[in-house]
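Below is one structure; the comments refer to it alone.
The values are calculated or read from the model by the stated rules, or taken from the named source; none is laboratory data. Please read these numbers as outputs of a predicted model, since none were measured by experiment. Note: ideal-geometry Cβ built from the backbone for every residue, glycine included; neighbour counts use all protein chains shown. Calculation scope for accessible area: heavy atoms of the full protein, side chains included, ligands and nucleic acids excluded. Shrake-Rupley method; radii C 1.70, N 1.55, O 1.52, S 1.80 Å.
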Amino acid sequence: MSHNSFGHLFRVTTWGESHGPATGCVIDGTPPGILLSEADIQPFLDKRRPGQSKYTTQRQEPDQVKILSGVYEGRTTGTPIALTIENVDQRSKDYSNIAAQFRPGHADITYELKYGIRDPRGGGRSSARETAMRVAAGAVARKILGEQVQIRGAMVALGSHWISRPRWDWAEIDNNPFFCPDPVAADAWASILELVRKEGSSLGAVLEITASGVKPGLGAPIYGKLDADIAAALMSINAVKGVEIGDGFAAAALRGEEDGDEMRMERGEVQFLANHAGGILGGISTSQPIIARFAVKPTSSILTPMRGVDRTGKEVDITTKGRHDPCVGIRAVPVGEAMLACVLADHLLRHRAQNGETPQKAVLPRQ
């Protein structure tokens with residue numbers, strides 16, 4: 001009942017704290033014979049790594065992953081894969097003044113109420129540092145899914161400032177520190193976040209993750225719905241407060257004839273004319289692109305004094321020192337990609353276990 005694991009046939013257990021000597025994970029259920037090396041995992045960790053711009057925490061962690069088990073001569077053996085990353089740039093003294101205080105917006109109070117003890121250094125187990133191992137696990141999941149499945153993420157809103165959909169260009173996400181597909185929005189965000197950072201505050205964000213090339217048939221009705229598991233996985237990411245699939249909440253404003261993804265036949269196969277459902281109907285993938293968005297709240301660790309209390313019940317004004325992201329949503333993009341990859345790999349293995357390699361005709365998205 002420790003709830004440090006997720007997934008069914010592709011199961012990931014993470015361990016470690018923000019300021020401990022290392023963090024790691026154990027991945028169980030990876031099929032044998034898959035080519036896997038540290039070089040397959042490292043690029044995804046590099047995308048998430050802190051200290052790459054002034055808009056993220058300046059904690060300098062190389063995040064070099066080590067494979068400890070489950071791989072022999074470059075191939076998975078079918079046994080548990082253990083991965084670890086050393087923590088090398090902890091500054092625990094930054095948290096000495098708040099060790100007995102409960103910071104607004106943080107899990108300090110709930111951890112204390114649940115366990116009666118907590119690690120205040122960088123948030124301990126509740127720190128976003130834990131997500132590095134999710135990204136590592138996501139890299140393994142991508143190997144299971146194969147190259148035909150492409151998973152990509154982008155930041156589509158900073159605070160109340162949204163991108164322009166007509167300017168969407170996937171190539172742009174590598175040209176700015178925000179994973180932003182809109183170059184005009186990215187330039188504006190730089191000025192906005194710089195001002196917020198200097199004011200000692202923070203902003204939230206909305207991220208969009210897509211997966212193309214997913215076979216139809218993944219997921220199951222009622223209690224094994226693919227979109228339900230995706231929502232749970234994304235909600236488990238630190239600071240996430242909302243998830244939607246496809247049109248999500250905007251679907252409530254549509255009429256039935258607008259929302260339903262109409263179909264036609266083309267070259268003997270069914271083709272959807274739209275994708276309001278985000279690639280999932282009845283909890284089962286359609287082979288249309290899967291589209292999920294999640295909202296990340298503003299970083300709770302800020303320099304602006306906030307009203308709180310301490311362990312004695314004394315009311316205090318709390319200022320959080322240390323190195324923190326003015327928008328934690330920026331580095332959540334590779335984490336969201338990883339969690340979607342893990343869910344899809346798990347459901348692919350579950351589908352094979354029940355249905356084998358039953359062929360389904362692909363449903364082609366309209367070009």
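A helix-only calculation puts the chain at -7500 deg cm²/dmol for mean residue ellipticity at 222 nm, using -39500 (n - 2.57) for each DSSP H run of at least four residues, averaged over all residues. Geometric descriptor of the stretch 234-315, per residue, is 163 Å³ (volume of the convex hull of the Cα atoms).
With a 1.4 Å probe and every protein chain kept in, tell me what percent of the accessible surface of the stretch 165-250 is carbon plus sulfur. Carbon and sulfur together cover 58 percent of it. Note that the stretch 183-200 has calculated 3J(HN,Hα) couplings of x, 5, 4, 4, 5, 5, 4, 4, 5, 5, 6, 4, 5, 5, 4, 5, 7, x Hz, one per residue in order, obtained from phi through the Karplus relation 6.51 cos²θ - 1.76 cosθ + 1.60 (θ = phi - 60°); glycine and proline are x. Classify the stretch 99-218: rounded, prolate or oblate, from the alpha-carbon gyration tensor (a ≥ b ≥ c, eigenvalue square roots; a/c under 1.5 rounded; otherwise prolate if a/b is larger than b/c)? Note, shape of the stretch 99-218 comes out oblate. Classify the stretch 288-356 from the C-alpha gyration tensor, please: rounded if a/c falls under 1.5, else prolate or oblate depending on whether a/b exceeds b/c. Cα axes put the stretch 288-356 in the prolate bin.
Along the chain, the exposed loop sites are trypsin sites (Lys or Arg not before Pro) outside DSSP states H, G, I, E and B with at most 15 other Cβ atoms within 10 Å, and the longest stretch free of them is 92-254. Exposed loop sites are taken as GluC sites (Glu not before Pro) in a DSSP loop (any state but H, G, I, E or B) with at most 14 other beta carbon atoms within 10 Å; the longest stretch of the chain without one runs 263-356.
Residue-normalised convex hull volume from the C-alpha trace of the stretch 231-367: 184 Å³ per residue. Here the Debye sum runs over all C-alpha atoms of the chain as equal scatterers in vacuum, and log10 of I(q)/I(0) at q = 0.07, 0.12 Å⁻¹ comes out as -0.32, -0.94. Seen against the Cα atoms of the chain and their longest principal axis, helix 131-145 is set at about 10 degrees. Each Lys or Arg adds one and each Asp or Glu takes one away; over the other residues whose Cβ falls under 10 Å from the Cβ of I284, this sums to 0. Accessible surface calculations at 1.4 Å, restricted to protein heavy atoms, place the chain at 48 Å² per residue. According to the calculation over all Cα-Cα pairs in the stretch 125-283, the P(r) per 5 Å bin from zero is 1, 7, 12, 17, 20, 19, 13, 7, 4, 1, 0, 0 %.
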